[in-house]
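Here is the structure we will look at.
The values are calculated or read from the model by the stated rules, or taken from the named source; none is laboratory data. Just so we're clear, the structure is a prediction, and the values are computed from it rather than from any experiment. Please note: Cβ atoms are built from the backbone with ideal geometry, for glycine as well, and neighbour counts cover all protein chains shown. Quick note on the areas: whole protein, heavy atoms, side chains included, nothing else; ligands and nucleic acids left out. Shrake-Rupley method; radii C 1.70, N 1.55, O 1.52, S 1.80 Å.
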Amino acid sequence: MVAKTDLCYNTLFMKFLPLYCLLVALWGSGIVHAQTSTELNAKLQEVAATHKLKGISASVRFADGSTWNHAIGKDGADKDLHSDMLFEMGSITKSLTAGIILQLSEEGKLSLNDSLHRYFDTLINIDSSITIQQLLNHTSGIFSYEDNLTLAGSVIIYPDRVWNPRTILREFIEPMYFDPGTNWTYSNTNYLLLGLIIEQIEGHSYHESVRKRLFEPLGLEHCYIEPSESHNEERALSWLESGKYQDNISEAILSAAWSAGALVATPQDVALWAETLYSGELLGPSLTDAMLENVQIGTQTFNYGLGTSLSTYNGYTLYGHNGNTVLQHANMSYCPDLGISLAFAINQEGADEVLEAVKKDLLDFLFAKPWGLGLPQLPAHSVHLYPNPADKLIQISGVSTPLQVCIYHFNGALALKTQVEENTSINVSALPAGTYILSFTNSYGSVTSRELLLLY
């Protein structure tokens with residue numbers, strides 16, 4: 001039998017549910033609150049100063065759909081970088097290539113167990129028994145073409161040359177590192193081969209497939225495969241280690257990178273791509289799971305899936321990828337536990353040495369905040385609030401030991417902090433109407449519960 005008080009609560013909640021949905025919809029469609037943006041802007045400035053970065057652009061997408069975008073530094077001597085500029089995203093491109101290959105698998109147009117001899121005639125120094133899955137997860141053993149010093153020198157000396165992937169495969173692949181499936185080594189050549197397989201199956205160019213399958217349907221409006229695609233959007237160039245500013249784009253670097261690393265994009269679009277790919281919106285559950293499964297060879301585990309780096313940081317799972325194009329360096333990271341995606345790019349040669357440190361500094365800051373915890377992402381809980389929605393007083397139940405509670409507005413601003421015990425009442429009459437998150441912390445500083453509250 002349902003209690004009368006429960007019926008009253010349900011009636012009241014349903015009365016305000018449209019308001020709550022409207023609040024979430026309106027909030028999710030925009031940028032973060034001004035206080036949140038100010039804090040993040042200051043953090044990015046601090047990170048740039050700590051690591052002596054001349055330029056960095058970053059974006060965060062929160063679980064409620066809100067976004068933050070900011071850039072620090074100079075685009076040349078006189079002009080400031082801005083968050084709408086395109087940056088070289090390097091090997092983040094591999095996640096696009098893997099995404100299309102997995103789509104083709106889902107459509108029955110290929111199998112991950114297909115071997116190379118199905119798609120190619122004899123390839124120099126490449127074992128034709130290698131499978132598509134071994135290309136995706138870097139267990140093929142194929143030599144990585146950028147390690148060929150002749151090619152590397154040519155790319156630097158002739159920056160305007162546009163390379164063809166078949167030329168690279170024909171002229172610059174050295175003997176294999178190991179037999180297929182017996183070890184793990186990162187190789188860009190794997191993803192050149194995957195790009196050619198996409199072209200063969202689709203019947204048109206790689207960049208057309210990326211645009212038709214990913215960029216256009218997913219609303220990635222500021223993404224391009226250079227130099228295959230032309231565009232009029234403003235593009236960040238790079239600070240060289242000499243201290244000079246690069247005054248032209250190296251088509252050689254990007255054309256040689258191709259389906260392994262030729263993406264240029266805004267960090268905002270890369271953050272959206274990370275959220276789309278890793279939250280399961282692009283692929284079905286089985287292939288999403290396969291993409292996020294570590295490579296296991298004997299007793300060794302390698303933190304790489306299919307076009308995705310896998311890791312944990314401060315107890316949180318992370319999916320994503322680094323990207324380096326010699327002159328620019330980038331990272332995208334998605335935290336499924338919090339529903340937060342981070343993307344950033346640095347336009348400074350040699351900054352690959354601090355890429356991980358920059359990522360950790362930004363993640364430390366993000367993980368310390370309750371931002372972005374919308375209703376679908378709230379974890380299981382034992383603490384209960386009633387009434388909810390409320391206007392003046394809320395009652396707390398389910399508390400077995402004294403807890404500290406912080407009440408945050410949905411935009412991340414701290415509104416109230418207090419101590420609670422079983423059957424404690426909290427006066428919230430001074431708080432304006434809106435959506436709030438209550439974060440309960442025990443004496444050890446661990447968050448034990450997060451609850452959603454609507455005030456009217």
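Is one or more of the residues making up the range 222-244 farther than 30 Å from ALA77 by Cβ and either touching a helix residue (DSSP H, G or I) at 6+ places or on another chain (Cβ under 9 Å) or of a type in the set (Asp, Glu) (or both)?
Scanning the range 222-244 turns up at least one residue that is farther than 30 Å from ALA77 by Cβ and either touching a helix residue (DSSP H, G or I) at 6+ places or on another chain (Cβ under 9 Å) or of a type in the set (Asp, Glu) (or both).
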task = Tally the residues that are in a loop (DSSP other than H, G, I, E, B), in contact with a strand residue (DSSP E or B) (Cβ under 6 Å, 6 or more places away or on another chain) and under 9 Å from PHE87 (Cα atoms), restricting the search to the range 227-242.
result = 1
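Of these, THR189, THR266, which one is hydroxyl-bearing (Ser, Thr, Tyr) and farther than 26 Å from ASP84 by Cβ? Steps first, please.
Details: THR266 fails: farther than 26 Å from ASP84 by Cβ.
Going through THR189, THR266 in turn, just one is hydroxyl-bearing (Ser, Thr, Tyr) and farther than 26 Å from ASP84 by Cβ: THR189.
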remark   = GLY195 passes all but one of the listed conditions (1) open to solvent by 30 Å² or more (accessible area, probe 1.4 Å); (2) within 21 Å of LEU277 (Cβ to Cβ); the exception is number (1)
message = Of all residues being in contact with a strand residue (DSSP E or B) (Cβ under 7 Å, 6 or more places away or on another chain) and of a type in the set (Phe, Trp, Tyr) in the range 327-366, which is nearest to TRP68 (Cα to Cα)? Just the residue, please.
response = PHE344
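In the range 301-320, what residues are of a type outside the set (Val, Ile, Thr) and closer than 16 Å to ILE340 by Cα?
LEU310, SER311, TYR313, ASN314, GLY315, TYR316, LEU318, TYR319, GLY320
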task = Might you check whether a residue that is touching a residue at least 24 places away in the same chain (Cβ under 8 Å), of a type in the set (Gly, Ala, Ser), within 24 Å of SER57 (Cα to Cα) and outside any helix (DSSP H, G or I) occurs anywhere in the range 90-104?
result = yes
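The rows are residues; the columns are (1) open to solvent by less than 40 Å² (accessible area, probe 1.4 Å); (2) among the β-branched types (Val, Ile, Thr); (3) out of contact with any His (no Cβ under 9 Å at 6 or more places or on another chain).
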position: GLY99; (1), (2), (3): yes, no, yes
position: GLN103; (1), (2), (3): yes, no, yes
position: PHE120; (1), (2), (3): yes, no, yes
position: SER128; (1), (2), (3): no, no, no
position: SER140; (1), (2), (3): yes, no, yes
position: THR150; (1), (2), (3): no, yes, yes
position: ILE156; (1), (2), (3): no, yes, yes
Residue match in the range 444-455 (condition: at pLDDT 85 or above, in contact with a strand residue (DSSP E or B) (Cβ under 8 Å, 6 or more places away or on another chain), surrounded by fewer than 19 Cβ atoms within 10 Å (Cβ to Cβ) and part of a strand (DSSP E or B)) = no
remark   = All conditions in (1) closer than 21 Å to LEU214 by Cβ; (2) not in a loop (DSSP other than H, G, I, E, B) are true of LYS74 except (1)
message = Need a quick list: strands (runs of 3 or more DSSP E) entirely within the range 280-352 having at least 2 residues that are closer than 23 Å to ILE225 by Cα and touching a residue at least 12 places away in the same chain (Cβ under 8 Å).
response = 316-324, 329-335, 340-346
task = Look through the range 39-62, keep the residues that are among the basic types (Lys, Arg) and on the phi < 0 side of the Ramachandran plot, and return whichever of them is surrounded by the fewest Cβ atoms within 10 Å (Cβ to Cβ).
result = LYS43
task = Considering only residues that are in contact (Cβ under 8 Å) with a residue 40 or more places away in the chain and in a helix (DSSP H, G or I), look in the range 212-226 and name the one that is farthest from the chain's Cα centre (by Cα).
result = ARG213
task = Sort through LEU240, LEU282, LEU263, LEU254 and tell me the only one that's surrounded by 16 or more Cβ atoms within 10 Å (Cβ to Cβ) and more than 18 Å from HIS207 (Cβ to Cβ).
result = LEU282
message = Condition first: in a strand (DSSP E or B), out of contact with any Lys or Arg (no Cβ under 8 Å at 6 or more places or on another chain) and within 15 Å of LEU196 (Cα to Cα). Can you find one or more residues in the range 112-119 that meet it?
response = yes
request  = Determine whether the range 319-335 contains at least one residue that is modelled with pLDDT of 85 or more, over 21 Å from ASP84 (Cα atoms), under 17 Å from the mean Cα position of the chain (by Cα) and surrounded by fewer than 19 Cβ atoms within 10 Å (Cβ to Cβ).
outcome  = no
inquiry  = If I ask for residues that are among the charged types (D, E, K, R) and farther than 22 Å from TYR278 by Cβ, which ones from the range 59-87 would you list?
reply    = LYS74, ASP75, ASP78, LYS79, ASP80, ASP84
ask   = Could you say whether any residue in the range 295-314 is closer than 20 Å to SER59 by Cβ, touching an Asp or Glu at 6+ places or on another chain (Cβ under 9 Å) and among the hydroxyl-bearing types (Ser, Thr, Tyr)?
value = yes
